[in-house]
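Below is one structure, written out as structure tokens, with a few remarks after it.
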Amino acid sequence: MSFKNEQTLVLIKPDGIQRSLIGEIISRYEKTGLKLIGLKFVLPTRDLIEKHYLVDPEWKIKVGKKSIQAYKEKNLKPPHSEAEKVGGLILERLKNYLSCGPVVAMVWQGMNAVGVVRKITGQTEPLVSDVGTIRGDFTLDSSAIADIDDRAVRNLVHASGTDSEAQKEISLWFDPEELIQYKLVGESILYDVNLDGILE
């Protein structure tokens, strides 16, 4: 696949749907010049959500270690000393969160799609996401409050972390025939080396 056709998965999570932010979120990605090639409204099963997060077999351990470190930095005791158990608790929270209502699943395509989408989306923790990002502008949740409530952080959007992760996630959420390849007029401005054809 050409680097100009990199693809990434985005999910607008149930809190984004309930807060009527679908159009705003899509607009943020669209304005960069990325092309929307797949879009659907889905009520995900807990099984699909588990498969989604475990496309990386080491996900529970990685997330667990990161979470334990965050607890220690805040001088708090983590719920378990074993990273995989902490990761398992986080996965259960995510399954509860993402299966509570419909999500919008999307595939965006374009140059550096994974990185561009993650930059626009903001950090996982909304409280430290920059102003101008989706999470920084539209939510005030935090890991600390989510822990008190024993739930996942409500951060509006999932965005694939790497190109490899994106391809695995896309194949879970979309059949190949659901991804539509087409041309956008604006692509000539973004990708045409010489900008030929602007003047008549």
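Tabulated results
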| read-out | value |
| --- | --- |
| Verdict on residue 57 being without any contact (Cβ under 8 Å) to a residue 24 or more places away in the chain, in contact with a helix residue (DSSP H, G or I) (Cβ under 7 Å, 6 or more places away or on another chain) and not in a helix (DSSP H, G or I) | no |
| Residue that is surrounded by the most Cβ atoms within 10 Å (Cβ to Cβ) [pool: residues in the stretch 31-52 that are touching a residue at least 60 places away in the same chain (Cβ under 8 Å) and assigned to a helix (DSSP H, G or I)] | 52 |
| Matching residues, the stretch 13-59, being more than 30 Å from residue 85 (Cβ to Cβ) and among the hydrophobic types (A, V, I, L, M, F, W, C) | 17, 21, 22, 25, 26, 34, 36, 37, 39, 41 |
| Selection status of residue 91, of a type outside the set (S, T, N, Q), part of a helix (DSSP H, G or I) and touching a helix residue (DSSP H, G or I) at 6+ places or on another chain (Cβ under 7 Å) | yes |
| Residue in the stretch 149-157 that is at pLDDT 90 or above and more than 21 Å from residue 16 (Cβ to Cβ) present | yes |
| Test: residue in the stretch 70-81 that is touching a helix residue (DSSP H, G or I) at 6+ places or on another chain (Cβ under 9 Å), farther than 22 Å from residue 23 by Cα, outside any loop (DSSP other than H, G, I, E, B) and not basic (Lys, Arg) | yes |
| Selection within the stretch 135-149 - surrounded by 14 or more Cβ atoms within 10 Å (Cβ to Cβ) and either within 13 Å of the chain's Cα centre (by Cα) or of a type in the set (Asp, Glu) (or both) | 135, 137, 141, 147 |
| Identity of the residue in the stretch 1-30, assigned to a loop (DSSP other than H, G, I, E, B) and modelled with pLDDT of 95 or more, that ends up surrounded by the fewest Cβ atoms within 10 Å (Cβ to Cβ) | 20 |
| The stretch 59-95, subset modelled with pLDDT under 95 and acidic (Asp, Glu), residue nearest to residue 125 (Cα to Cα) | 73 |
| Residue within the stretch 87-108 that is among the hydrophobic types (A, V, I, L, M, F, W, C) and free of Cβ contacts under 8 Å to residues at least 12 places away in the same chain present | yes |
| One residue from 103, 86, 63 being under 25 Å from residue 178 (Cα atoms) and of a type outside the set (Ser, Thr, Tyr) | 103 |
| Selection status of residue 96, loosely packed, with under 15 Cβ neighbours inside 10 Å and either of a type in the set (Lys, Arg) or in the same structural domain as residue 179 (by TED's automatic domain parsing) (or both) | no |
| Count of the stretch 150-188 residues which are without any contact (Cβ under 8 Å) to a residue 24 or more places away in the chain and either surrounded by 11 or more Cβ atoms within 10 Å (Cβ to Cβ) or assigned to a loop (DSSP other than H, G, I, E, B) (or both) | 6 |
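The values are calculated or read from the model by the stated rules, or taken from the named source; none is laboratory data. Note that the coordinates shown come from a computational prediction; the quantities given were computed from them, not determined experimentally. Reconstructed Cβ throughout: ideal geometry from the backbone, glycine too, with neighbour counts over all protein chains shown.
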